[in-house]
Amino acid sequence: MTEMSHRTDQTEAGQAPTALELALERVGDRWSLLLVEALLDGPRRFNELQDGVAGIAPNILTDRLRRLEREGVVLARPYTDRPPRMEYALTAAGRDLAGALRLLADWGARRSDTSDPVRHELCGTPLEVRWYCPTCTVLVTEPAADEARLF
């Protein structure tokens with residue numbers, strides 16, 4: 001059974017996909033996440049993305065850019081008509097992924113011998129992430145965050 005048919009079976013059985021499943025359907029593969037990272041510094045053209053994302057094949061790059069555009073993560077804008085050439089930029093939804101990418105990168109760095117976690121520039125201490133409720137203006141403790149999980 002494929003992953004996609006498994007999701008369909010779950011939905012047909014009355015189980016709605018989790019928030020994490022929905023997010024992974026949109027941007028959950030390696031190349032999509034690396035493309036979002038490459039676009040965080042600003043718009044890029046196809047060749048710039050191909051040069052900036054090591055190892056990505058042109059057909060995979062085309063496929064992921066189209067998928068990210070359909071999902072509302074990337075916006076393609078023409079910069080020439082003949083031949084048609086596009087420049088790619090993150091939408092607001094795409095820029096919202098920056099925080100998740102930083103968390104994922106930090107998680108990987110903390111488990112690597114060759115990368116360092118994100119550090120506070122002033123003192124050099126590795127930064128930590130905390131859940132915060134802006135309505136109540138309080139930090140949410142670990143047990144309370146575990147109870148509030150939606151995935």
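Bear in mind these aren't lab numbers, they're just calculated from the coordinates by the rules spelled out. Note that this is a predicted model, so its numbers are computed, not measured. Cβ: placed from backbone, ideal geometry, glycine included. Neighbour counts: every protein chain shown.
Yes or no: R102 surrounded by 12 or more Cβ atoms within 10 Å (Cβ to Cβ) and on the phi < 0 side of the Ramachandran plot?
On the way: surrounded by 12 or more Cβ atoms within 10 Å (Cβ to Cβ): yes; on the phi < 0 side of the Ramachandran plot: yes.
It is true that R102 is surrounded by 12 or more Cβ atoms within 10 Å (Cβ to Cβ) and on the phi < 0 side of the Ramachandran plot.
How about the range 106-146: which of its residues are touching a helix residue (DSSP H, G or I) at 6+ places or on another chain (Cβ under 8 Å) and small (G, A, S)?
Filtering the range 106-146 for residues touching a helix residue (DSSP H, G or I) at 6+ places or on another chain (Cβ under 8 Å) gives 115-118, 126-127, 129, 131.
Result: S115, single match.
Suppose we keep only residues that are β-branched (V, I, T) and in contact with a Leu (Cβ under 8 Å, 6 or more places away or on another chain) within the range 57-96. Which one would you say is nearest to V27 (Cα to Cα)?
In the first step, residues of the range 57-96 are kept if they are β-branched (V, I, T); the result is 60, 62, 73-74, 80, 91.
Add one more test, that the residue is in contact with a Leu (Cβ under 8 Å, 6 or more places away or on another chain), and what stays is 73-74, 91.
Working: V73: 9, V74: 11, T91: 14 Å.
Among residues in the range 57-96 that are β-branched (V, I, T) and in contact with a Leu (Cβ under 8 Å, 6 or more places away or on another chain), the one nearest to V27 (Cα to Cα) is V73.
Considering only the range 29-75, give the helices (runs of 4 or more DSSP H) lying wholly within it that have at least 1 residues that are of a type in the set (D, E, K, R) and in contact (Cβ under 8 Å) with a residue 60 or more places away in the chain.
Working: elements: 30-39, 46-52, 58-70.
By residue number, 30-39.
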